[in-house]
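A quick write-up on the structure given underneath.
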Amino acid sequence: MFILIQLALSIFLLSLIFFLFNFNSRKSTSTSTYLSKSYPLIGHYFALKANANRKNDWISENIQNSPSATFVVNRPFGVRSIITGNPANVQHMLKSHFHLYQKGNISHTMLFDFLGDGIFNTDGATWKFQRQVASHEFNTKSLRKFVETVVDTELYDRLIPILSSAAENGTVLDFQDILQRFAFDNICKISFGYDPAYLLPSLPRANFAEAFEDSVRISSQRFLTFWKIKRAFNIGSERKLRQAVSQVRDFALKLVKEKKEELKKNSSPDQSVDLLSRFLSSGHSDETFVTDIVISFILAGRDTTSAALTWYFWLLSKNTNIESKVVEEINEKSETPAFEEVKDMIYTHASLCESMRLYPPVPADTKLAESDDVLPDGTVVRRGTNVTYHPYAMGRLEKLWGEDWADYKPERWLERDFANEKWNFVGRDAYTYPVFQAGPRLCLGKDMAFLQMKRVVAGVLSRFKVVPADPAVEPEYISYLTAKMKGGFPVRIEKRSN
């Protein structure tokens, strides 16, 4: 009976909202007239509904129009959240008052089926423990060397041959899919010591990768749906999520068990340099716990670098003068040792930073306020309020990047050293440019991500031009837990002339 009453009330309220929405729409067909207008009871429902397919740009417009680069979103029934692009607020949240802004129980619950208690879904002692272990492993020289070897093998044995074939045959490739396959193979080798061989000429289906993709997408959509009801009845998206997560976790757990057996037989465990071997060799043998950790690292390693590179190659295709400078730098460094080649690619590094300013792999990150607080810009935060900092919007703030913020301009990260006739890289602080987070949660894989991306850029651009199949199409930036290019990135590959 209680459920029926709740259902009736929900139908009534939805009908009321539908009526009000249609009434408001008849008054004006322009979204901008009510872009930030909040109404009693339903808050910003109209604006949120009208901009559902462009939420990142809607947030950016509101932050741009706010003197403090912060605005409050009033959701139906008095639910209040805060979104900011103010660097002082970001530093307050991620560093000086880090202990007050946590993932929180709501986010943890929504993502638990998929991520469990992995490093990206936990707070406090559990997070700190994983961070300490992972930090140690990421700093080992042998792991870094292993990453270099894995990336080069995947690049020269798989990616480049596929692009060569596409160039010869005039094939249209979904470059986003290609880069995801590349990153997936890499992170599985690094994390598991397992090669899924997802990037082969036949571009085979990989059930684990597809289940992983479904898990990411549906888990992120829980923030927008009444997911608990669907999960209770095992229907719709929750049924699909349960199946996908089960497939992901069963597969990952199987690899954990196999790795434990492999390490038992290995008389020299120090020779095992994949991340999973290192965790298990350090005494962390709880299979569920280690599985959670590995899944989190796959999420970070697969989706972020592939998203960053997808938008990067699209931007280069639109800015051929910048592409020419990147290629010139690659050719200058081609005779140097591999690691030095990547380290000294200053202009390429700047062009990647600039690309991620405009199209960050993770557009937003939300924290839960554990107690009442006041942000540096004067915004009052009540306990239990979601506070989001928004790298996508921050990359579009004139007060941070100047009047030419919309331009793709690597030079904004460089200064000319006329004495030595070279460029010097000038970075921004992590609170103005929180693409890799900041403070205690600063991304451990940042350096490895740049290493991987620059090696891909050098390997691809020294041989090929990546040309959009339809240059007139403006791709759409969408985001789940990480960003995507909606519908993929269809391209033609052209061999670069000597």
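Here are some notes:
- Residue range of the chain that is longest and free of GluC sites (Glu not before Pro) which are both DSSP loop and sparsely packed (at most 10 other C-beta within 10 Å): 1-334
- Accessible area of the range 102-152 belonging to carbon and sulfur atoms, whole % at 1.4 Å probe: 58 percent
- According to the Cα-based calculation, Rg over Rh for the range 259-332 is 1.27, with Rh computed by the Kirkwood formula.
- Split the accessible area of the range 182-309 by element, probe 1.4 Å, and carbon with sulfur accounts for 54%.
- In the assembled protein chains, Asp214 presents an accessible area of approximately 40 Å² (probe radius 1.4 Å).
- Taking all protein chains together and rolling a 1.4 Å probe, Cys353 ends up with roughly 10 Å² accessible.
- Counting heavy atoms of the protein chains alone, Val473 has an accessible area of about 80 Å² for a 1.4 Å probe.
- Note on Asp117 and Lys141: the model spin-label points, each 7 Å out from Cα along the C-beta direction, lie 3.6 nm apart.
- Proximal lysine pairs, the range 402-474, alpha carbons under 18 Å, eight or more residues apart or interchain: 4
- A convex hull fitted to the Cα coordinates of the range 201-294 yields 132 cubic angstrom per residue.
- Label-point separation in nm, Lys265 to Val374, each point 7 Å along Cα→Cβ: 6.5 nm
- For a label point 7 Å along the Cα-to-beta-carbon line of Lys49, residues of the range 62-94 with backbone N under 20 Å: 73-81
- Gain in span if fully extended, Ala232 to Phe98, counting 0.36 nm per residue against the direct Cα distance: 44.8 nm
- Using the average count of surrounding beta-carbon atoms within 10 Å as a protection proxy, the listed peptides 306-313, 240-247 rank, highest first, as 306-313, 240-247.
- With contacts taken as Cα pairs under 8 Å at a separation of at least 6 residues, the chain carries a relative contact order of 21 percent.
- Viscosity 0.692 mPa s, 37 °C: Kirkwood-radius Stokes-Einstein D of the chain over Cα pairs, µm²/s: 134 µm²/s
- Three semi-axes of the equivalent ellipsoid, the range 109-253, Cα gyration tensor, whole Å, largest first: 31, 24, 11
- Rg(Cα)/(2.2 N^0.38 Å) for the range 313-446, N = residue count: 1.28
- For the chain, hydrophobic long helices are taken as DSSP H runs at least 24 Å long by C-alpha position along their axis with mean Kyte-Doolittle hydropathy of -1.0 or more; these are 2-27, 175-192.
- With all pairs of different C-alpha atoms in the average, the Kirkwood value for the hydrodynamic radius of the range 371-470 is 17.5 Å.
- Note on Arg217 and Ala197: the model spin-label points, each 7 Å out from Cα along the C-beta direction, lie 2.7 nm apart.
- Per-pair calculated FRET efficiency, R0 = 60 Å: Asp470 and Asn420 via Cβ, rounded to 0.05: 0.90
- For the residue pairs Lys367/Lys484; Lys367/Lys486; Lys141/Lys265; Lys141/Lys495; Lys189/Lys484; Lys333/Lys495, alpha carbon separations beyond 29 Å are given by Lys141/Lys495.
- The residues of the chain present an accessible area of 47 Å² per residue when probed at 1.4 Å with all protein chains retained.
The values are calculated or read from the model by the stated rules, or taken from the named source; none is laboratory data. Note that the structure is predicted; figures quoted are calculated from it, not measured. All Cβ positions, even for glycine, are placed from backbone atoms using ideal geometry, and neighbour counts span all protein chains on display. Each accessible area value is taken on the protein alone, full model and side chains, heavy atoms only, with ligands, DNA and RNA left out. Shrake-Rupley method; radii C 1.70, N 1.55, O 1.52, S 1.80 Å.
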